[in-house]
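K.L.:
So that we are looking at the same thing, I have put the structure below in structure tokens.
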Amino acid sequence: MVLEQEAVEETRVAESVLCADVGSLWTRAALIDQVDGLYRFVACGEARTTIEQPTSNVMVGIREAVQDIQLASDRALVSATDDGEIRILVPEDESGEGVDVFLATTSAFSPLKVIVFGERPADVSVALLAVQSTYARVVGTFVDGRDDRWGDVGMADVIQVVDRERPDVLFFVSTEALDLTSAAQSFLNTLQLANTLYDVRERPTVVLVGQNSLLGHLFPAVEETNAVQKVLLAPEEGGGGLVRRLFDAFNELLHERRVARIPGFGALQAWSQAQVQPTATAQAQAVEWLAKQVGRRIVLVDIGAENSQIVATDAHFFRSIVRPGEGLGFSLPRVLEKVGLEAVYRWMPGLMPERDLHSLLVHRSWYPHLRPATRDALWLEQAVARVVAQRLVTALSPSLPETFLDNSGNLVCDYLIGTGAVIRHAPQPAQALLLLLDAFQPSGVVHLMRDRLGLLPALGMLSQNEPVAVGDLLAHNVLESLGTAVVLSGPMKPGKEVLHFRMRYPDGGTYTVTVEAGRLYREYLPPGVRLELELRPVRKVDVGLGPGHAARVQVTGGTVGLVIDARGRPLPSQETLVEQRRQVHEWLLYVGG
Amino acid sequence: MWVDNTRQYIPDEVAVFPRVRVQHERLLKTPGQVLARIGQFVQPHDVVAQAPGRLRVHVVDVAKELDVKPKAALKAITVEPGQTVKENDLLAQQSGLFRRRKVVAPVGGRVLQVDNQGRVLLQTMAEGETLRAGLRGKVINLMPRFGVVIESTGAFVQGVWGNGQNRVGVLRVLASSPNGTVSPEQFDVSVRGNVVVAGRTVSPEVLEAATQARVQGLIVASLRPELLELARKQEYAVVVTDGVHNEGMAPPIFEILRRCDGQEVVVNAIFNPGRPRLRPEILIPEPSTEGVPVFRPGRPLQVGDVVRIVAPPLLGRVGVVRTPWAGRGILESGLEVNGCEVTLPDGSVHFVALHAVERLTGAKLVTSQAS
């Protein structure tokens, strides 16, 4: 990513930063230090997360990951006291041992269960935008409460949902009401009934969102029975500002009820100079910060072990969706139940019989920490990741503004960034690139990247605490550039010529290629190289400027290079599973995966 | 200042002990009352702790049951919020021209609300949690309000998957070798009440034959994924010791089971996919605890540890750790990982990813190189 360093205020306070991200399966640590006055990535380490017996203390995993860094950098970062307690060496001393700052993020907890009540559908939507941005599972939404009914359902139905799901949080949102409305009264009645199902200490926390005059009635009544947070609306307040404030309120709850309860949290927080943050929040902050700096449309996808996340943002828009329980770890069986096995097999290259693929999937769900040892296991993991990412795109699309969509509803963005172990560890960069292309099926010209070092959560934390460090790191390719994809849309009859493109090298030389429909092309374009590409599509074929319109674009190289995607949409495109798997294999070979 | 730069790896582990003292935590999901005492000897089905049931709601749709509109249902309802009702007490009645129709309480409870749709919300108490010992042993510690620690002595083997049942029977090894299989015909009257060791894998017919023969349990090395659901439905205990890839049984596991043939065995086929260290258990109890070592999980991988490889291409093979920390290596998939060196029984040495080994703690294995 090209980031002008002048864009970031030049104040480098800390000499060195150690960051840790405690995931549900893996704990990663990374050391960032100043070299010649600029922040640079030094080393990273990884270890199993330790939240289960017999080692239910996240600090054990962190220590292991940090030891990787100590070994690689030959630098002491932690020390052990005589009684076995591990301490972080802060600040960095004159000999270069220790670090100045430690920051931590985590996703090693279960999501909060939430029910949203709203006066109007728009109120519920606002709450959902905030709640779905982080580790929450919305187990019910009820709108328009009148006479103890919520829309088409009665109080009994609501109570049955409460009984079944046992939510941790109840949201009530009324952005317009100035006085105690029937919806507010229905909410109070519902809450009163819901409370009868809980032990007093376990009652759900209530978040009240509304105008001061309304909350003046509601808050005292709720406060008597439940823990309650109120989000007061300023007159005429709405839109992004409100979502952000709801998100902050919810994040506070998440911290209190989940983050702060992970085993070993006390020691983790004691090490950290800032509050330990949920990983998804930090990642979203990183991408939002980036989008503002570069003024481009960025989409991030994270396929984790237990959660997945998608973020779409530019200078004016921000949307993040976290899907708890949709990942490649213990949650894999639930994902397969939702999508069906064939949806996964359609993205599986090779000839391994379906029966054996099924065995591999079950085996993987029993041993989710396993890194794929064979090619088939690797491809299968990447196939599942495509399906999980597609589900994220489907969830995101309805809330995207026009600037992120083309006329056919395909995603349009300038940067597409992938993270999560399956993308990060893909041994061939082309596998990561193709995974992102297949899952997102974007159109136009897009620069693809991956967070190979797993530093995005750290970048998010740094963007709040030490933004100059983020600028330094990004300017020095902390995100791996996979390359640029030019995706053609329009009629793609296999074998028919659909595009002529000319690469113009900085030394004046040119290279012309004719592209046939139905295929992928890969051209060598190493990282750091930018050159001009002249695109001349045939009539009805679109490279992002409208059907048949020629274009000159600047493309950036990467570990894969330049990829022209003339496969057509939607994918997968073959009817039979056998044919589809053969084609997926061909695509992989085209790009060198 | 002392800086610990030794890199250690604590692997997943499966207990495979011919003789050991094992301490099992048995905990309630929610706080309750511990019934067992320290020093008490417990049998698998003894209740060691109980938690009260949580409050639940039961909705009786009077309008639907009487097939009338909500307004009419409200008129027919004879109970009021706050009122306590017993099972079969009258909730509503409607007099018709020829007969009187009634709606009675399906469960006892307190009337929480009568909503305007003609439904009665009954607050009931769900059945509480009853925690059984699961294994035979002695209670050595109490966890106030949550449960107990039970110490058992004997041969002890953990599996990788179980169908949730808990059974006691006589161990009967029908398979002739770790790779041997059994046929449905072998499940005759002679295996009634037994826990059968069925070798490498079983067919659906064998699962059915085991039901007919009224076995108490079935121990098998691997089960095809499509059979897991069928196995889950069986009333006898099913424990898978190795995996889903048609693996043979790990030789140390088979050897322990073979040696205990004919003895009483307790099978606790617990399985929780979200808690990998909660594994199904097979215990062949013995009364004496003298000189028997205690199983203490959680130590780092060491030279000489017997391990099972849980990822292809050596999936299911059992070997001995030669080098616990062999640095970085590249797998067939192209991934670069931290690994260890494992010597297989034929003497060959292989680099294996650390995350792909599972220690068979307590197992002994002789490799040709070691011998």
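The values are calculated or read from the model by the stated rules, or taken from the named source; none is laboratory data. These numbers come from a predicted model, not from an experiment. Cβ: placed from backbone, ideal geometry, glycine included. Neighbour counts: every protein chain shown. Each accessible area value is taken on the protein alone, full model and side chains, heavy atoms only, with ligands, DNA and RNA left out. Shrake-Rupley method; radii C 1.70, N 1.55, O 1.52, S 1.80 Å.
K.L.:
Total accessible area buried between chains A and B, 1.4 Å probe, in Å² to the nearest 100? Could the numbers behind the result be given before it?
P.N.:
Details: alone 24540 and 19440 Å², together 38920 Å².
Result for this pair: about 5100 Å² buried.
K.L.:
Shifting gears a bit: Kindly rank B:60-70, B:99-109 from highest to lowest mean number of other beta carbons found within 10 Å of each residue. Can you show the working numbers first?
P.N.:
Details: B:60-70: 17.8, B:99-109: 15.3.
My ranking of the peptides, most packed first, is B:60-70, B:99-109.
K.L.:
Residue by residue through A:64-70, how many Cβ atoms from other chains fall within 10 Å of the Cβ on average?
P.N.:
Partner Cβ neighbours, averaged per residue: 2.
K.L.:
Determine ³J(HN,Hα), in whole Hz, for all residues of region B:290-296 in sequence, where each value follows from phi through the Karplus function 6.51 cos²θ - 1.76 cosθ + 1.60 and θ = phi - 60°; x replaces Gly and Pro.
P.N.:
With the stated coefficients, region B:290-296 comes to 5, x, 8, x, 9, 7, 10 Hz.
K.L.:
Let me ask something additional. Go through region A:280-286 residue by residue and turn each phi into a ³J(HN,Hα) via Karplus (6.51, -1.76, 1.60, θ = phi - 60°); whole Hz please, and just put x for glycine and proline.
P.N.:
Residue by residue, region A:280-286 yields 4, 5, 5, 5, 4, 4, 4 Hz.
K.L.:
Then there's this: Sorted by average packing, counted as other Cβ atoms within 10 angstrom per residue and highest first, what order do A:104-117, B:137-150, A:79-92 take?
P.N.:
Those peptides, ordered most packed to least, come out A:104-117, B:137-150, A:79-92.
K.L.:
Please report, in Å, the Rg and the Dmax of region A:112-257, where both are computed over Cα atoms only.
P.N.:
Every Cα atom of region A:112-257 included, Rg and Dmax give 13.6, 39 Å.
K.L.:
Between B:ASN88, B:ASN268, B:ASN163, find the one with the highest GNM mean-square fluctuation for chain B; connect C-alpha pairs within less than 10 Å.
P.N.:
Its mean-square fluctuation being the largest, the pick is B:ASN88.
K.L.:
What's the carbon and sulfur percent of region A:1-135's accessible surface, probe 1.4 angstrom, rounded to a whole number?
P.N.:
Carbon and sulfur: 48 percent of the exposed surface of region A:1-135.
K.L.:
How many partner chain Cβ atoms sit within 10 Å of a residue's Cβ in peptide A:372-381, on average, as a whole number?
P.N.:
Mean partner shielding for this stretch: 5.
K.L.:
Report, as an integer, the average count of C-beta atoms from other chains found within 10 Å of each Cβ along B:117-124. Let's see the in-between values first.
P.N.:
Values: counts 7, 2, 5, 1, 8, 0, 5, 1.
Partner Cβ neighbours, averaged per residue: 4.
K.L.:
If you don't mind, there's one more thing I want to ask. Given a 1.4 Å probe and every protein chain left where it sits, what share in percent of the accessible area of region A:391-496 is carbon and sulfur?
P.N.:
48 percent
K.L.:
Which far-off residues, 5 or more places away or on another chain, put their amide H under 5 Å from the one on A:LEU89, with H placed in the peptide plane?
P.N.:
Result for A:LEU89 returns A:VAL78, A:SER79, A:VAL99.
K.L.:
Sticking with this structure for a sec: What whole-number value in cubic angstrom gives the convex hull volume per residue for the C-alpha atoms of region A:173-256?
P.N.:
Working: hull volume 7.0 nm³, N = 84.
That works out to 84 Å³ per residue.
K.L.:
At what distance in nm do the modelled label points of A:GLN554 and B:GLU226 sit from each other, each positioned 7 Å from its Cα along Cα→Cβ?
P.N.:
5.7 nm
K.L.:
Can I ask one more? Sort A:402-409, A:365-372 by the packing proxy (mean of other Cβ within 10 Å over each peptide's residues), most packed first.
P.N.:
Details: A:402-409: 13.2, A:365-372: 19.6.
Order by mean packing, descending: A:365-372, A:402-409.
K.L.:
Amide H neighbours of B:VAL14 under 5 Å, counting only residues 5+ apart in sequence or on other chains, H built in-plane at 1.01 Å?
P.N.:
Hits under the 5 Å cutoff: B:ARG359, B:LEU360, B:THR361.
K.L.:
Does region A:247-372 come out rounded, prolate or oblate, given a ≥ b ≥ c as the square roots of the eigenvalues of its C-alpha gyration tensor, rounded meaning a/c under 1.5 and, failing that, prolate meaning a/b above b/c?
P.N.:
Cα axes put region A:247-372 in the oblate bin.
K.L.:
From Cα pairs below 8 angstrom and at least 6 apart in sequence, can you work out the relative contact order of chain A, rounded to a whole percent?
P.N.:
On the way: 1287 pairs, mean separation 72.8, N = 593.
Averaging sequence separation for qualifying contacts and normalising by length gives 12 percent for chain A.
K.L.:
Follow-up question, since we're still on this one. Please compute the per residue accessible area over region A:208-302 with all protein chains in place, 1.4 Å probe, rounded to a whole number of Å².
P.N.:
On the way: 3830 Å² over 95 residues.
Solvent-accessible surface per residue comes out at 40 Å².
K.L.:
To the nearest 10 degrees, how steep is helix A:58-73 against the longest Cα principal axis of chain A, on a 0 to 90 scale?
P.N.:
Tilt of helix A:58-73: around 30 degrees.
K.L.:
Among A:VAL161, A:LEU180, A:THR134, pick out the residue whose Cα is farthest towards the positive end of the charge dipole of region A:125-188, where Lys and Arg carry +1 and Asp and Glu carry -1 on C-beta, about the Cα centre.
P.N.:
Selected residue: A:THR134.
K.L.:
Where in region B:37-65 does accessible area fall by at least 20 Å² between the isolated chain and the complete protein assembly, at a 1.4 Å probe radius?
P.N.:
Going by heavy-atom accessible area, the residues of region B:37-65 that drop by at least 20 Å² are B:ARG54, B:LEU55, B:ARG56, B:VAL57, B:VAL59.
K.L.:
Counting only heavy atoms of protein chains, what accessible area per residue, in Å², does region A:373-443 have with a probe of 1.4 Å?
P.N.:
Accessible area per residue: 26 Å².
K.L.:
Next up: Can you give the accessible area per residue of region B:306-361, in Å², using a 1.4 Å probe?
P.N.:
Per-residue accessible area for region B:306-361 comes out at 33 Å².
K.L.:
For region A:120-129, take each phi angle, set θ = phi - 60°, evaluate the Karplus expression 6.51 cos²θ - 1.76 cosθ + 1.60, and give the result in whole Hz per residue in order, putting x for glycine and proline.
P.N.:
These are the phi-based 3J(HN,Hα) values: 10, x, 5, 5, 5, 4, 4, 5, 5, 4 Hz.
K.L.:
Using a/c under 1.5 as the rounded threshold, could you call region A:485-563 rounded, prolate or oblate? The axes a ≥ b ≥ c are square roots of the C-alpha gyration tensor eigenvalues, and prolate needs a/b larger than b/c, oblate otherwise.
P.N.:
Since a/c reaches 1.5 and a/b is larger than b/c, the shape of region A:485-563 is classed as prolate.
K.L.:
Sticking with this one: Once the Cα atoms of the protein assembly as shown are picked out, what are the Rg and Dmax in Å?
P.N.:
When restricted to the Cα atoms of the protein assembly as shown, Rg and Dmax are 30.8, 101 Å.
K.L.:
Amide H of B:GLY180: which non-local residues (sequence gap of 5 or more, or other chain) have their own amide H closer than 5 Å, using H built in the peptide plane?
P.N.:
Amide H neighbours of B:GLY180, under 5 Å, 5+ apart: B:ARG200.
K.L.:
Considering the Cα positions of region A:270-314, please state its Rg to one decimal place and its Dmax as a whole number of Å.
P.N.:
12.4, 37
K.L.:
Can you give the relative contact order of region B:306-361 as a percent, counting alpha carbon pairs under 8 Å and 6+ residues apart?
P.N.:
Over region B:306-361, the number comes to 36 percent.
K.L.:
With a cap of 16 neighbouring Cβ atoms within 10 Å, and only residues DSSP puts in a loop, list the GluC sites (Glu not before Pro) found in region B:150-258.
P.N.:
Sites meeting the loop and neighbour criteria: B:GLU235.
K.L.:
So which residues in region A:169-198 end up with at least 30 square angstrom less accessible surface once the other protein chains are there, compared with the chain by itself, probe 1.4 angstrom?
P.N.:
By number: A:LEU193, A:THR196, A:LEU197.
K.L.:
Please say if region B:55-161 is rounded, prolate or oblate, where rounded means a/c under 1.5 for a ≥ b ≥ c the square roots of the C-alpha gyration tensor eigenvalues, and otherwise the choice is prolate for a/b larger than b/c and oblate otherwise?
P.N.:
It comes out prolate by the Cα gyration axes.
K.L.:
For the pair A:GLU402/A:LEU232, report the inter-label distance in nm, with labels modelled 7 Å from Cα in the Cβ direction.
P.N.:
Label at A:GLU402, label at A:LEU232, 3.9 nm between them.
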